[in-house]
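Taking it in order: structure first as structure tokens, then the write-up.
Laboratory data are not the source of any read-out in this text; all were calculated from the coordinates shown. Please read these numbers as outputs of a predicted model, since none were measured by experiment. As a convention, Cβ positions derive from the backbone with ideal geometry for all residues, glycine included, and neighbour counts pool all protein chains shown.
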Amino acid sequence: MALIRATCSECGDVELRSRDLRVRLCSDTGAGTYHFRCPVCRMTEVKDADDQVVDILVAAGVRCVEWRLPAELLDRPAGEPITHDDVLDFHALLEDDGWYETLASMVTER
């Protein structure tokens, strides 16, 4: 098992084993990070990692986990942007006891 030197923002340089780190790669953007828990202060550190750092860590036996951006980021809202007046109207609607029924009828009308 490889020894890896990393830097904790509180403690400075620390030595870790490859099993003490994780590499995370975003499948959508290709961005990489690695994270570890400092063996001295026990704080979790997250660091950006370019392709070269990712390759070195993975070659040293660090486990790599891929993740994807949430699908909601790709959704484009329809309609006009919400205005200040819309927020005030919504606030006034919530003051009425029948606000839920009013909102439910607005959604089912579309």
Given H placed on each backbone N at 1.01 Å, which residues far from Arg17 in sequence or on other chains put an amide H within less than 5 Å of it? Ile4
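For the range 3-69, what proportion of DSSP beta bridges, expressed in % and rounded to the nearest 5, is antiparallel?
Bridges in the range 3-69 that DSSP calls antiparallel: roughly 75 percent.
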Out of residues 5 or more away from Asp28 or on other chains, whose amide H comes under 5 Å of its own, with H placed 1.01 Å from N in the peptide plane? Leu69
Summing -39500 (n - 2.57) over every DSSP H run of at least 4 in the chain, dividing by its residue total and rounding to the nearest 500, the 222 nm mean residue ellipticity is -8000 deg cm²/dmol
Taking the Cα atoms only, what angle lies between the long axis of helix 99-108 and the longest principal axis of the chain, rounded to 10 degrees? 80 degrees
Computed magnitude of the charge dipole of the chain (debye, nearest 20; Cβ of K, R +1, Cβ of D, E -1): 1280 debye
Using θ = phi - 60° and Karplus 6.51 cos²θ - 1.76 cosθ + 1.60, couplings along the range 49-63 (whole Hz; Gly, Pro as x): 9, 6, 4, 5, 5, 4, 4, 5, 5, 5, 5, 7, x, 6, 5
I need the peptides 43-51, 92-100, 70-78 ranked by packing, meaning the mean over residues of other C-beta atoms within 10 angstrom, with the highest value on top. 43-51, 92-100, 70-78
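Could you order peptides 56-62, 5-11 by the average number of other Cβ atoms within 10 Å of their residues, highest first?
Ranked from most to least packed, the peptides come out as 56-62, 5-11.
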Using the C-alpha atoms of the chain, what convex hull volume per residue, in cubic angstrom, is computed? 204 Å³
Selected from Thr44, Val58, Leu3, residue furthest toward positive end of dipole (the chain; charges at beta carbon): Leu3
Fewest first, what order do Ile82, Ile4 take by the number of other Cβ atoms within 10 Å? Ile82, Ile4
Relative contact order as a percentage, the chain, C-alpha pairs under 8 Å and 6+ apart, gives 21 percent
